[in-house]
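Everything on this sheet refers to the single structure shown next.
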Amino acid sequence: MDSHQKEMEIKAISDLLPYEDGWTIKVRVAIKTSRETFFKNERKTEIVKLFLQDGEGSMVQATLFNEQINKFTELLESGKCYLISKGNIRPVNKKFDNVNDKIEISFTNATKVDDCLESFPFKILKSFVPFNEVEKISKGQILMDILGMVIKVRQAFPVPLRGKDKTTMKREVTLLDLTGDTIKLELWGDLATGEGDILESMITLKPLIAVSNVVLNKYEGEVKLGTSFISFVGINPDVEQYEAFQQSFQNFSSTAGWMDKISGPSKKIIESKEVKLANITGNNVDSLFCTFVGRVGRVLNKASPWYEKCIQCSSTVHPGGNKKFAYCKTCDNENTSFTRHYLLKLLVSYGIEEVYTTLFDVAEAMVGSPVNTFAEKMLMVMDQDKYLCPYYKNLVLTKAKTFKFLVKMDSKRAEDRAEKRLVVEEVLKIASDRIKKSSSSRKRKLDP
């Protein structure tokens, strides 16, 4: 720190007041958003938002407009510390969510930013909510901070924004907390591709993450958490619970069956009513979710059970071979990036009943591999012996095996079900002894 920095009076974010002048704060850039463009009355405005945290853990949102973006955005890096002064402090607009209840900052041409060699760790001031208490919180409230160990990371993919002609990225991760409960967290936007990519690369290390300002979503009986635009993620954060969590996880992982708990079937497939296949195709089930037991008769697309989507508009594209880019007709782009997703089609039967089933990302449970790994290995041996790909062999060997399939009985797919076409929400392999024991008593167990 130079003599100029030593002379400055550093204020805590919590002490800043609206319209105050002559302040300097020492902060860490927790989040830097991507550049967004808006048009109002044919006037173009560009915005970048920063979420800044000081050594006490207090946060404030800072906004950069137009020329300030060009001046500061390359200088300010996420995770680094700076001395910032001479911005405009104003009261927050209560209509919008904010990391600070009282103030926010706007950069101006007079704003000054200096590098700070000192650093401080990620902090969360509120207590972490245990996963077994999440459902007690009202839907949509942005008041939860959570701490969990990452046990599964799905790939990021584009999702169309409602009412807008553009997409944002989404990624789902599964977390385990100190109670031994698991929950799914959806990372949105920059968090899906930034922190999400880091978590995907670290998955074998089972990193711990602290996430602030998450939203509770309850949809058709399933509870998920999602990040908001003011959420930030700390990977292996310096929080007081860290060592206790690590020790607890070591104790938990030494118990019998712990791996089944974190990677086994969901509560939904275990607790949903098991019915006859004929009840499903006849739309004669009185619950939203149900299961049926069936035997795989044929794998209809075992050589290529996947499809690719444009990362910009979500349209289906066809890259061909092992190419990294594809032509998107919608975007009219010869070199569009894409994401790959499972699309597995099976002919499944039980007794005299047969149905055609489609499995999307849940097909990973049958294949035993993330879709990109399977596709890349399969494309390498496509013109050779396909059995050189172990995941292809796994898929072929599912023929004549028996599984439990979870189906959602939503009204929009009633006609498809009547035509014996089902979309499977989850799949679970049935042990051979389970089949033998249940075959003689199935009539008593199944709904009429």
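The values are calculated or read from the model by the stated rules, or taken from the named source; none is laboratory data. This is a predicted model, so every value here is computed, not measured. With ideal geometry, Cβ positions are generated from the backbone for all residues, glycine too; neighbour counts draw on all protein chains shown. Quick note on the areas: whole protein, heavy atoms, side chains included, nothing else; ligands and nucleic acids left out. Shrake-Rupley method; radii C 1.70, N 1.55, O 1.52, S 1.80 Å.
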With θ set to phi - 60° and the Karplus curve 6.51 cos²θ - 1.76 cosθ + 1.60, what are the ³J(HN,Hα) couplings of the range 367-372 in order, to the nearest whole Hz, using x for Gly and Pro? 7, x, 7, x, 4, 5
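Using only the Cα atoms of the range 336-409, construct the convex hull and provide its projected area averaged over every direction, in square nanometres to one decimal.
About 6.7 nm², averaged over all directions.
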What's the magnitude of the charge dipole for the range 384-436 around its Cα centre, counting Lys and Arg as +1 and Asp and Glu as -1 at the beta-carbon? Answer in Debye, nearest 20. 200
On a C-alpha basis, how far is the centre of the range 340-418 from the centre of the range 258-336 in Å? Whole number, if you could? 8
With all protein chains present, calculate the accessible area of residue 10 using a 1.4 Å probe and round the result to the nearest 10 Å². 70
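Ordered by packing density, taken as the mean number of other Cβ atoms within 10 Å over each peptide's residues, highest first, how do 295-305, 55-65 rank?
Working: 295-305: 16.5, 55-65: 19.7.
Top to bottom by mean Cβ count within 10 Å: 55-65, 295-305.
For the range 41-138, what is the accessible area per residue in Å², given a 1.4 Å probe and the full set of protein chains? All intermediate terms of the calculation are to be shown ahead of the outcome.
Values: 5350 Å² over 98 residues.
For the range 41-138, the solvent-accessible area averages 55 Å² per residue.
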For the pair residue 329 and residue 354, how long in nm is the line joining their label points, each one 7 Å along Cα→Cβ? 3.2
Sulfur and carbon atoms: percent of accessible area, the range 301-348 [1.4 Å]: 48
Amide H proximity to residue 103 below 5 Å, modelled H, separation 5+ or other chain, gives 92
How many times 2.2 N^0.38 Å is the alpha carbon radius of gyration of the range 1-112? 1.06
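State in Å² the accessible area per residue of the range 296-363; use a 1.4 Å probe, count heavy atoms of protein chains only, and round to the nearest integer.
Numbers: 3490 Å² over 68 residues.
Roughly 51 Å² per residue, with all protein chains present.
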For the range 145-228: span of alpha carbons on each principal axis (Å, largest first): 41, 30, 20
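Where the accessible area of the range 25-115 is counted over protein heavy atoms with a 1.4 Å probe, how much of it, in %, is carbon and sulfur?
Details: 2100 of 4740 Å².
Looking at the range 25-115 in its full context, I get 44 percent from C and S.
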Any idea what Rg and Dmax come out to for the range 279-373 if you just take the C-alpha atoms, in Å? 17.0, 49
How large is the dipole of the range 294-345 about the Cα centre if only Lys and Arg carry +1 and Asp and Glu carry -1, each at its Cβ, rounded to the nearest 20 debye? 400
How many nm separate the modelled label positions at residue 312 and residue 273, each set 7 Å beyond the Cα in the direction of the Cβ? 4.8
Per residue of the range 326-338, what does 6.51 cos²θ - 1.76 cosθ + 1.60 with θ = phi - 60° give for ³J(HN,Hα)? Whole Hz please, x for Gly and Pro, Karplus curve as stated. 9, 8, 9, 5, 5, 7, 6, 10, 6, 10, 7, 7, 9
